[in-house]
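The values are calculated or read from the model by the stated rules, or taken from the named source; none is laboratory data. Worth saying up front: this structure is predicted, and the values here are computed from it rather than measured. Note that each Cβ is placed from the backbone with ideal geometry, even for glycine, and that neighbours are counted across all protein chains shown. Note: areas computed on protein heavy atoms with side chains; ligands, DNA, RNA excluded. Shrake-Rupley method; radii C 1.70, N 1.55, O 1.52, S 1.80 Å.
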Amino acid sequence: MSATLNPRIDGKLRDGLWIRQTPSVYTKFYKDFVTNSYYNTLSTTSATQGKVKPSSQILQWLTRINYPKADLSEHVISTFDTSLENLCLLLRLILVAFPFENTQMHYTSHRTMDISHEGLFQRLVVEGNGSYCFGLNTLFLQMIRGLGYRAYPGAGRVNEQPPNTPPIFLPFVHMVVFVQPKDGSETYLADACGGGSCITQPILLADGQTVMGTSPTETHTLIRSARPESSLATSPGRPNAAVEWYLIIRHKKPSGDSSERVCYSFIEDEFFQADYDAANVSVYSSKHGFFADNLVCAKCIWLGDEEMETLAGSENSEEIGSKTLTDVSISLTYRYMGRLTMDGKTVKRHIGPRSEVIKTMEKETDRIEVLRDIFGVDIPPEEIRFMKGRVPSLDG
């Protein structure tokens, strides 16, 4: 008997897989769950049943990201609407609240990146600092699970090549999250890392699916692809099987031209904390590479109505969702965004296709001041000494 692959249905995981509801490490019954004593009380058929009681940590997280609810209480969380629109709002709030940064690698004696659940809560929620993809997506995954979303973590290979060139991928050193909102099996890719030209809203797992990025001058597209060097095929003599996904970023330039780049590839397999712990060590302990050679910091910002109108190219007619640009009640779910990035000795503000330098730095004391005042990352002055002699050091 020959085996055949089930037909692929766009918008769903392979074979129509269902994501089981799993409690967050930040909920009160997580320890019971992992020891299986709580397992049977969880629903495997509906996202609206079997919710666990949230702890104050989830409330603190919602407060930190400025979730727009006047009265945040455990009742609000236990009845949270696990809709796609709310998922989009949460993702965008995170991109503004937490910077994508690797300061722990350079300004500490241990020169590591802490992605433990306890360490991430302290560093991000309590202190207001940031992390990179492993930390930001780990916290995001656990918090949305605590709100009732069905989600699991995946991994990707980052492309290290520039735009308009064939991709060359690193190993699995990127983390992503797959989410099935409400009680359906439609699946969305989410990525809360905030680095580079990050996605700013969930993307349906469908070939050719395209969403807007920070503004209409930026788009993100998912393409199902087959690696040329792959050994897998759908059957003998057939082309390579398209078992991998590419995230494509397109930018419109001030000249009117556009650029295209594969940001990363990913697969649908579920990965686990041990996988990310190992990948994390490989990144922060490397003597060379992007994070070893650079002090990285970036975050998204909200744009005002005037900037949105300029990007839209019309003062009154452009619509975003069900709102117009001149509607003061426009939701943060649809508002255009910009980016702040630290690149060497400069900090740039990116709005649509245009960038401007807003700050320059000559020495490490300048940089920790910028990290604090612009990005909200607090580096005690006495920790500057740990940067000395490292590649990104401004003091040599």
Between residue 116 and residue 383, what is 0.36 nm times their sequence separation minus the Cα-Cα distance? Round to one decimal in nm. 93.9 nm
Would you mind checking which residues have amide H under 5 Å from residue 55's amide H? H placed 1.01 Å from N; only 5 or more apart, or other chain. 28
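Quick check: net charge around residue 363, other residues with Cβ under 12 Å of its Cβ, Lys/Arg +1 and Asp/Glu -1?
Working: positive: 345, 367, 388; negative: 362, 364, 366, 369, 395.
For residues surrounding residue 363, the net value is -2.
Defining a contact as two alpha carbons under 8 Å apart and six or more residues distant in sequence, what relative contact order in percent does the chain show? The partial results should precede the final answer.
On the way: 765 pairs, mean separation 63.1, N = 396.
Once normalised by length, the contact order is 16 percent.
When only DSSP loop residues count, what trypsin sites (Lys or Arg not before Pro) in the range 343-382 have their Cβ near at most 15 other Cβ atoms within 10 Å?
Details: sites: 345, 348, 349, 354, 359, 363, 367, 372; in loops: 345, 363.
Sites meeting the loop and neighbour criteria: 345, 363.
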Spacing of the two label points (7 Å from each Cα toward its C-beta) at residue 14 and residue 269, in nm: 1.0 nm
With a 10 Å radius around each residue's Cβ, average the other Cβ atoms per peptide and rank 164-170, 331-337, 63-69, 197-203, highest first. 197-203, 331-337, 63-69, 164-170
Cα gyration tensor shape for the chain, rounded if a/c is under 1.5, else prolate or oblate: rounded
Whole-Hz ³J(HN,Hα) from phi, Karplus 6.51 cos²θ - 1.76 cosθ + 1.60, for the range 117-129, glycine and proline x: 4, 5, x, 5, 4, 5, 5, 8, 6, 6, 8, x, 8
For residue 288 paired with residue 109, estimate the spin-label separation in nm (one decimal), with each label point 7 Å from Cα along the Cα-to-Cβ line. 3.1 nm
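Which order do you get for 286, 225 if you rank them by accessible area with a 1.4 Å probe, largest at the top? Working shown, then result.
Numbers: 286 45, 225 25 Å².
Ranking 286, 225 by accessible area, largest first, yields 286, 225.
Hey, got a sec? Which trypsin sites (Lys or Arg not before Pro) in the range 197-296 land in a DSSP loop and have at most 15 other Cβ atoms within 10 Å?
Values: sites: 224, 250, 252, 261, 287; in loops: 287.
Listed in order of number, the matching sites are 287.
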The range 56-99 to the range 131-148: how many Å between their Cα centroids? 12 Å
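Going by accessible area, probe 1.4 Å, with all protein chains left in place, what is the ranking of 22, 187, largest first? Show your work: numbers first, answer last.
Values: 22 20, 187 0 Å².
Descending order: 22, 187.
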Between residue 390 and residue 362, how high is the FRET efficiency from 1/(1 + (r/R0)^6) when r is the Cβ-Cβ distance and R₀ = 30 Å? Nearest 0.05. 0.95
Please give the net charge around residue 338, taking every other residue with its beta carbon less than 11 angstrom from that of residue 338, where Lys and Arg add +1 and Asp and Glu add -1. +3
At a 1.4 Å probe radius, which order do 78, 255 fall into by accessible area, largest first? 255, 78
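Quote the FRET efficiency, to the nearest 0.05, computed for residue 301 versus residue 232 with a Förster distance R0 of 45 Å and r equal to the Cβ-Cβ distance. Don't jump to the answer; show the numbers that get you there.
Working: r = 42 Å, r/R0 = 0.94.
E(calc), rounded to 0.05, equals 0.60.
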Accessible surface of residue 18 in the full protein assembly, 1.4 angstrom probe, to the nearest 10 Å²? 90 Å²
Using the Cα centre of the range 108-241 as the reference point, and only Cβ charges (+1 on K/R, -1 on D/E), how large is the resulting charge dipole? Debye, rounded to the nearest 20. 240 debye
Give me the accessible area of residue 373, 1.4 Å probe, in Å² rounded to the nearest 10. 90 Å²
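List the trypsin sites (Lys or Arg not before Pro) in the range 135-174 that DSSP assigns to loop (not H, G, I, E or B) and whose Cβ has at most 10 other Cβ atoms within 10 Å. Which are they?
On the way: sites: 145, 150, 157; in loops: none.
When the trypsin sites (Lys or Arg not before Pro) of the range 135-174 are filtered for loop state and at most 10 Cβ neighbours within 10 Å, nothing remains.
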Between residue 69 and residue 161, what is the label-to-label distance in nm when each label sits 7 Å out along the Cα-to-Cβ direction? 4.5 nm
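Accessible area of the range 54-126 with a 1.4 Å probe: how many percent of it is carbon plus sulfur? Intermediate results must be reported in sequence, preceding the final value.
Working: 1340 of 2740 Å².
On the range 54-126, the fraction of accessible area on carbon and sulfur atoms equals 49 percent.
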